[in-house]
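Chemist: Below you'll find the structure I mean.
Laboratory data are not the source of any read-out in this text; all were calculated from the coordinates shown. Not measured: the values here are computed from a predicted model. No Cβ is skipped: glycine too gets one built from the backbone with ideal geometry, and neighbour counts run over all protein chains shown.
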Amino acid sequence: MSNPENKDQVVSFYDQFAEKQEKTGINSRHLSILDKVKLAGLQSDHKILEVGCGIGTVSHLLATQVPKGKVLAVDISPESIEKAKLLWKDQKNLSFEVSDMSDFDKKGETFDFFVFPDVLEHIPVDQHFRLFQHIQKHSHSESVIFIHIPAPRYLQWMIVNEPEKLQVIDQPLDSGDLIKNITANGFFLDKMETYSLFFEEKDYQYFVFRAAKPLHKSTPKNKWAVLKERIRIRLKYGLPNK
């Protein structure tokens, strides 16, 4: 979702970036995203919308996990989408479209998962609210948004120390603003973690948001499970069992 005046520049950058992505192949970040999406509840029959798919590396991995479902992957770069269509042409449950999400409208169609694999930091922050309005239009009461981004502190270090490795738009994202834009569009934050992937310093973050339907019941946990956890903590810290 780029402003009209710089959209051509952004598209040109990612058209050229596609070749670099193809040479990189599947890396630890791609596999980490897949693992965390699965842990967030991805099922074999789910429909996924992936935003910012590049040449479809994560798209391909996601499609292997939804043999009874499908993946629609979109990207701003026509060159990337053409490469993706060729690379993954044998995966029948995987399709690609050129879109910057500003005009995304699949009337009557909803998705179970929305996956953002390191793309939001490349979309101007003032466009995030509108982006998630489009997501809300295509969600249902069980929909999940999964977001993976560089940790803001680490990205800030990159901007100062290794700016040549960054993309045309690469901005640290304030977690509070991100959460506010998504919760304002009908989702709640279920999980957030900052973790170490390529560096000892925590270099990535991921978020799991779920559709904000009201709770209709309160279910007590098994009392023995609660007691077992209490005993575990007491033993771990040498606390008396009182």
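Chemist: Return the distance in nm (one decimal) between the two label points of a simple spin-label model at R232 and K89, each offset 7 Å from Cα along Cα→Cβ.
Modeler: Reported label-point gap for R232 and K89 is 5.1 nm.
Chemist: With Kirkwood radius over Cα pairs in Å defined as stated, name the option among (i) 19.4; (ii) 18.7; (iii) 18.0 computed from the structure displayed.
Modeler: Computing Kirkwood radius over Cα pairs in Å and matching it to (i) 19.4; (ii) 18.7; (iii) 18.0 gives (i).
Chemist: Under 18 Å Cα-Cα from K83, which lysines qualify once same-chain neighbours fewer than 8 residues away are excluded?
Modeler: K20, K23, K92
Chemist: Ranked highest first by average number of other Cβ atoms within 10 Å, how do 122-130, 92-100 line up? Provide the component values of the computation, followed by the final result.
Modeler: On the way: 122-130: 15.8, 92-100: 17.3.
Per-residue mean Cβ counts within 10 Å order the peptides as 92-100, 122-130.
Chemist: Could you pull out every one of the lysines with an alpha carbon less than 21 Å from that of K228, ignoring same-chain neighbours closer than 8 positions?
Modeler: Hits, sequence-local ones excluded: K236, K242.
Chemist: Find the Rg to Rh ratio for the range 117-242, where Rh is the Kirkwood radius over alpha-carbon pairs and Rg uses the same atoms.
Modeler: Working: Rg = 19.5 Å, Rh = 17.5 Å.
When Rh is taken as the Kirkwood radius, the ratio is 1.12.
Chemist: Provide the net charge surrounding I149, with neighbours chosen by a C-beta distance below 13 Å and charges set as Lys +1, Arg +1, Asp -1, Glu -1.
Modeler: Working: positive: R29, K36, R153, K202; negative: D118, E121, D170, D174, D177, E193, D203.
Spelling it out: positives minus negatives among the neighbours equals -3.
Chemist: Relative to the longest principal axis of the C-alpha atoms of the chain, give the angle of the C-alpha long axis of helix 78-87, reported between 0 and 90° and rounded to the nearest 10°.
Modeler: The angle comes out near 70 degrees.
Chemist: Angle, helix 4-24 long axis vs. longest principal axis of the chain, Cα atoms, 0 to 90°, nearest 10?
Modeler: Approximately 70 degrees, to the nearest 10.
Chemist: Follow-up question, since we're still on this one. Output the pairs from K38/K68; K36/K191; K38/K70; K70/K202; K106/K191; K137/K213 with a Cα-Cα distance over 21 Å in this structure; if there are none, say none.
Modeler: Numbers: K38/K68 15 Å; K36/K191 11 Å; K38/K70 15 Å; K70/K202 32 Å; K106/K191 28 Å; K137/K213 15 Å.
Check vs 21 Å cut-off fails for K70/K202; K106/K191.
Chemist: Farthest toward the dipole's positive end in the chain, which of G238, I179, T57, given Cβ charges of +1 (Lys, Arg) and -1 (Asp, Glu) about the Cα centre?
Modeler: Of the options given, the answer is G238.
Chemist: Further question: Restricting to Cα pairs below 8 Å that are 6+ residues apart, what does the relative contact order work out to for the chain? Please round to a whole percent. Spell out each step's value before the answer.
Modeler: Working: 380 pairs, mean separation 39.5, N = 242.
In percent, rounded to a whole number, it is 16.
Chemist: Tell me the angle of helix 128-137 to the major Cα principal axis of the chain, expressed in degrees between 0 and 90 and rounded to the nearest ten.
Modeler: 80 degrees
Chemist: Related question: Using amide H atoms built 1.01 Å from N in the peptide plane, name the residues 5+ places from A73, or on other chains, whose amide H lies under 5 Å from its own.
Modeler: E50, S95, F96, E97
Chemist: State, to one decimal in nm, how far the label point of Q156 lies from the label point of E82, with both points 7 Å from Cα in the Cβ direction.
Modeler: About 4.1 nm, to one decimal.
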